[in-house]
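The values are calculated or read from the model by the stated rules, or taken from the named source; none is laboratory data. None of the values given here were measured: they were computed from a predicted structure. Please note: Cβ atoms are built from the backbone with ideal geometry, for glycine as well, and neighbour counts cover all protein chains shown.
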């Protein structure tokens, strides 16, 4: 029994060593490691086709990348702060921040960042033409909140400046 165990362990060890040698030698196109990382980022399909990076990069570009590559423009908000005043705890209050594309190129909003999960924003998904207006809707859920609440919404776009901060405030009773 002991002799059988030694034979099995020897076979297992030799198998693992053989696989490592094959991978390190580059015999396999998808070797684990390439010398000097010269082939880093290349992928091979079963039919032998070589890909570098993503297979369809344009289809996978993020909204941030698309907006970043757009020509710069300017935007102006009619207000950047809004006070809901005194509100009851447990309700959702809403406000829309209106803006205008004051530049000469289309304006596209990439994303909005909020300071709390209790605040949700929505913005136009399509580009806003020069001279046109748009709005960013903000909803604040007062559930579990008490006292003076101040929340920020940072709007990222292809405008100069790239980020604009909006603020809401409420005294939750």
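Annotations
- Taken together, the residues in segment 109-131 that are under 17 Å from residue 72 (Cβ atoms) and more than 16 Å from the chain's Cα centre (by Cα) amount to 5.
- Pairs meeting the criteria (first residue in segment 72-94 and under 12 Å from residue 171 (Cα atoms), second residue in a strand (DSSP E or B) and modelled with pLDDT under 95, beta carbons under 6 Å, at least 6 apart or on different chains) are lacking.
- Enumeration of residues in segment 132-148 that are more than 18 Å from residue 79 (Cα to Cα) and surrounded by 14 or more Cβ atoms within 10 Å (Cβ to Cβ): 141, 142, 145
- Residue count for segment 155-167 satisfying the condition of being assigned to a strand (DSSP E or B), surrounded by fewer than 22 Cβ atoms within 10 Å (Cβ to Cβ) and more than 16 Å from the chain's Cα centre (by Cα): 3.
- Check on residue 103, within 21 Å of residue 66 (Cβ to Cβ), part of a loop (DSSP other than H, G, I, E, B) and modelled with pLDDT of 95 or more: yes
- As a summary of the residue check, residue 152 satisfies the conditions (1) crowded, with 16+ Cβ neighbours inside 10 Å; (2) in a strand (DSSP E or B) except for the one numbered (1).
- Qualifying residue in segment 62-75 (condition: at positive phi, modelled with pLDDT of 90 or more and not in a helix (DSSP H, G or I)): no
For every residue, the table says whether it meets (1) part of a strand (DSSP E or B); (2) closer than 15 Å to residue 166 by Cα.
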{"residue": "85", "(1), (2)": "yes, no"}
{"residue": "97", "(1), (2)": "yes, yes"}
{"residue": "116", "(1), (2)": "no, yes"}
{"residue": "125", "(1), (2)": "no, no"}
{"residue": "130", "(1), (2)": "no, no"}
{"residue": "136", "(1), (2)": "yes, yes"}
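- Restricting attention to segment 110-141, the residues being farther than 18 Å from residue 92 by Cβ and either out of contact with any strand residue (DSSP E or B) (no Cβ under 6 Å at 6 or more places or on another chain) or not assigned by TED's automatic domain parsing to the domain that holds residue 80 (or both) number 5.
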